[in-house]
1. Given that compact globular proteins tend to follow 2.2 N^0.38 Å, what is the ratio of the alpha-carbon Rg of region 4-152 to that value?
2. Near the amide H of V15, under 5 Å away, which other amide H atoms are found, from residues 5 or more places off or on another chain, if H is placed in the peptide plane?
3. Which order do the peptides 52-65, 75-88, 105-118 come out in when sorted by mean C-beta neighbours inside 10 angstrom, highest first?
4. In nm, to one decimal, how far is the modelled label at L76 from the one at A139, with both set 7 Å along Cα→Cβ?
5. Quote to one decimal, in nm, the extra length available between D104 and R2 on full extension: 0.36 nm per residue of separation minus the C-alpha distance between them.
6. With n ≥ 4 as the cut-off for DSSP H runs, can you work out [θ] at 222 nm for the chain, using -39500 (n - 2.57) per run divided by the number of residues, rounded to the nearest 500?
Amino acid sequence: MRGIVVIDQPVEDRVVGWQVNVGVGRPSAMAGAWVLPADDPRIPKLLDGRVLVTTERAAHRFGRGAAVHHLAMAILAETSWMTAVAPLNTPRIPTRPRARAAADPRASAALTLATWVAELLGAWDRIEQQRVAEPPLVARGGATARPLPPGWAPAESAPPTEAPLAA
């Protein structure tokens, strides 16, 4: 997986994407944003191989994608199990996004979701670093930190390599 892309289509003739890098042992980070014409031929390549998170306005074109609230719930479920087995210093898991304002107002919805994804994955990474250090918890997910919690972002959330270009 090459990361996550949050995508929005705030107006008919523009598509907004915000990329979030995913990495074990390093903070998840906002990696780049773009506002492109809706018919730009680069869009499928920018989405290829990434987990797709869509806004309501983009779902009609790009599909439902992976739900960020399911990411939060997957982290909470896994953390709940872990803390019942071994003591962990769990970070705060944001269960709702905080509205963000982008320099280009058309990018604000995508920025809000991408920031929420980055915050959740940052918390997940801190939890996983603790999990792999606790012998009773290693059996649950292996000796290597997992980049994503179990049960989130199934393979079908990735967009097809030939996404339609007309809205």
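1. On the way: Rg = 16.5 Å, N = 149, 2.2 N^0.38 = 14.7 Å.
Against the compact-globule rule of thumb, the ratio is 1.12.
2. Counting only residues 5 or more places away or on other chains, the set is L36, A38.
3. Values: 52-65: 19.0, 75-88: 14.9, 105-118: 21.6.
Per-residue Cβ counts within 10 Å, averaged per peptide and sorted highest first, yield 105-118, 52-65, 75-88.
4. Result for the modelled spin labels: 2.8 nm.
5. On the way: separation 102, 0.36 × 102 = 36.72 nm, distance 2.54 nm.
Answer, rounded to one decimal: 34.2 nm.
6. Values: 5 runs with 61 residues, N = 167.
When only DSSP H runs of four or more count, the value is -11500 deg cm²/dmol.
Bear in mind that the values in this text are calculations on the coordinates, not laboratory data. These numbers were taken from a predicted model, which means no experiment stands behind them. Backbone-built Cβ (ideal geometry, glycine too); neighbour counts: all protein chains shown.
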